[in-house]
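Remarks on the structure that follows.
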Amino acid sequence: MPYHNFFYETLIMVPAVAFVLSVIIKGVLVKISSWKWNLERSLWSGGMPSVHSSVVVSLATAFALKYWVHHDLFAIVMWFTVIIIYDAINVRYEAGLHAKLINERLWEKRLKESLWHLPSEAFAGSLLGMIVAVTLFYI
């Protein structure tokens, strides 16, 4: 590891950069698809890339690069990552279905229905998180 690496002195900076980049990329993709800037939609749950996946994978990758995978805490970080990505894809999908059913019963859209990520969105976010962590490691 480089002697003085601002981003790896405290690992909180790596997921923070991944978060900001994910939101920016999501905003650009929203702009491309709808032809207008929509900051609120960029910060919503769901969409490409998954901010959840990007943040937790960047943290896991940064931890592995800094402390190696043999560290006991790496197991905690990895399981945390798996649970967050599973939740982003599966559990919140079910919550979105519930919201859709409730909205249909109420005859108005009160609850947000798009809460989940497609596996491709989670994969893209994970890939972005790894790229951010590795890039910041070698800066």
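The values are calculated or read from the model by the stated rules, or taken from the named source; none is laboratory data. Worth saying up front: this structure is predicted, and the values here are computed from it rather than measured. Note: ideal-geometry Cβ built from the backbone for every residue, glycine included; neighbour counts use all protein chains shown.
For the reader, a short list of remarks on this structure follows.
- Contact map, region 50-73: first residue of a type in the set (Lys, Arg), second residue assigned to a helix (DSSP H, G or I) and surrounded by 18 or more Cβ atoms within 10 Å (Cβ to Cβ), Cβ cut-off under 6 Å, separation 6 or more or different chains; pairs are Lys66/Tyr8.
- In region 4-55, the qualifying residues are those that are crowded, with 17+ Cβ neighbours inside 10 Å and modelled with pLDDT under 80, and the one that is farthest from Asn90 (Cα to Cα) is Phe7.
- Criterion applied to Val69, Val91 was being closer than 21 Å to Leu127 by Cα and of a type in the set (Val, Ile, Thr), and the one residue passing it is Val69.
- In a residue-by-residue description of region 56-65, the property of being under 15 Å from the mean Cα position of the chain (by Cα), outside any helix (DSSP H, G or I), under 13 Å from Ser22 (Cβ atoms) and not hydrophobic (A, V, I, L, M, F, W, C) applies to no position.
- In region 78-107, the residues that are farther than 24 Å from Tyr67 by Cβ reach residues that are in a helix (DSSP H, G or I) with C-beta atoms within less than 7 angstrom, at least six apart or across chains, in these pairs: Ala88/His52; Ala88/Ser53; Ala88/Ala122; Ile89/Pro119; Ile89/Ala122.
- Some residue of region 1-21 being more than 22 Å from Thr135 (Cα to Cα) and without any contact (Cβ under 8 Å) to a residue 24 or more places away in the chain: no
- Members of region 84-137 found to be hydrophobic (A, V, I, L, M, F, W, C), in a helix (DSSP H, G or I) and modelled with pLDDT under 90, listed by number: Ala88, Ile89, Val91, Ala95, Leu97, Ala99, Leu101, Ile102, Leu106, Ala122
- Test: Ser45 is outside any helix (DSSP H, G or I) and within 12 Å of the chain's Cα centre (by Cα): yes
- Scope region 69-109; condition surrounded by fewer than 15 Cβ atoms within 10 Å (Cβ to Cβ) and in contact with a helix residue (DSSP H, G or I) (Cβ under 6 Å, 6 or more places away or on another chain); matching residues: Lys109
- When Trp79 is tested against the conditions (1) under 22 Å from Leu128 (Cβ atoms); (2) not in a helix (DSSP H, G or I), the lone failure is (2).
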